[in-house]
Amino acid sequence: MSKQEKGENRKALPKFALTMLGSLLVGGVLGFAIGCTRVLGLEAAALAEALNGVLSAATPWGIPVTSVLTLGPAFFLYRSAAKKFAAWGGGDEDETSESIEASLSWVLLLSAVQLLINFFFMAAFCVYYMDADIDALVLVGVFVVSDALVIFAQQKTVDLERKMNPEKHGSVYDTKFQKKWLESCDESERRQIGQACYKAYMVATRFCLGLWLVLVILSMVFEMSILPVFVLLLVWGVLQVTYTLECIRLGKHSRV
């Protein structure tokens, strides 16, 4: 091992050791807190029942309320971006184009978040209300309408993006939209996408590690099966394996 490699290891080792020590301290504090709840007679079953009650009461209203809170601002931002584009006319004003791009990015973010919220409350509905007297068709209809609005917002955003950049092509209704859109991006945009994907990979990896720790701690408090941990590790494994295999594939292509 070279001196440079040894030096890098020595430099990184203290930070790694502090990270591990901090994790142990956090685990110890949480373990102590769990012990205190048992000493004080706080029942985990009662807490879980209370949380279930809150979630059950919120489920019928979750999709419509959150749709207003997310899709309302999303359509407002799109309308603002469309007005700026109409006034801009495709000139060389970088600040205007950057402002439009930022607004469209927020539209995509808000619509994507709402889609995840819709899936969550639909799953909650299946858990809490599948056998109840509440009209299932109403909730399913609200779910479909919200999803349709999400797709419509994304479609309008992509269409405006294509007007700003005629070289771009692809439709949100096409199952291969992401692939076609990437192919129409230039090298600078592809580098930006690559950096964003790597950032997302790193954040997702750390989040999975933290969530695994949370699930392990919660399993000490609540009666939980191993299924949540299995699903988490399955998703984490798919992320890691896909990333590594793609690096191997790209490495082979770069040497051809």
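Coordinate-derived values only; no laboratory data. Worth saying up front: this structure is predicted, and the values here are computed from it rather than measured. Cβ sites come from the backbone with ideal geometry, for glycine too, and all protein chains shown count toward neighbours.
Details
- Sites listed here are GluC sites (Glu not before Pro) in region 181-247 whose DSSP assignment is loop and whose Cβ has at most 15 other Cβ atoms within 10 Å: E223.
- Debye-formula intensities of region 87-245, expressed as log10 I(q)/I(0) at q = 0.09, 0.12 Å⁻¹, are -0.48, -0.81 (one equal scatterer per alpha-carbon, no solvent).
- Computed lengthening from I217 to S105, 0.36 nm per intervening residue step minus Cα-Cα distance: 36.7 nm
- Global form of region 172-217, assessed from the alpha-carbon gyration tensor, a/c cut-off 1.5: oblate
- Across region 48-128 the C-alpha pair distances fall into 5 Å bins from zero in the proportions 3, 15, 19, 15, 12, 10, 8, 7, 5, 4, 2, 1 percent.
- Given charges at beta-carbon only (K, R positive; D, E negative), |dipole| of region 148-223 in Debye: 80 debye
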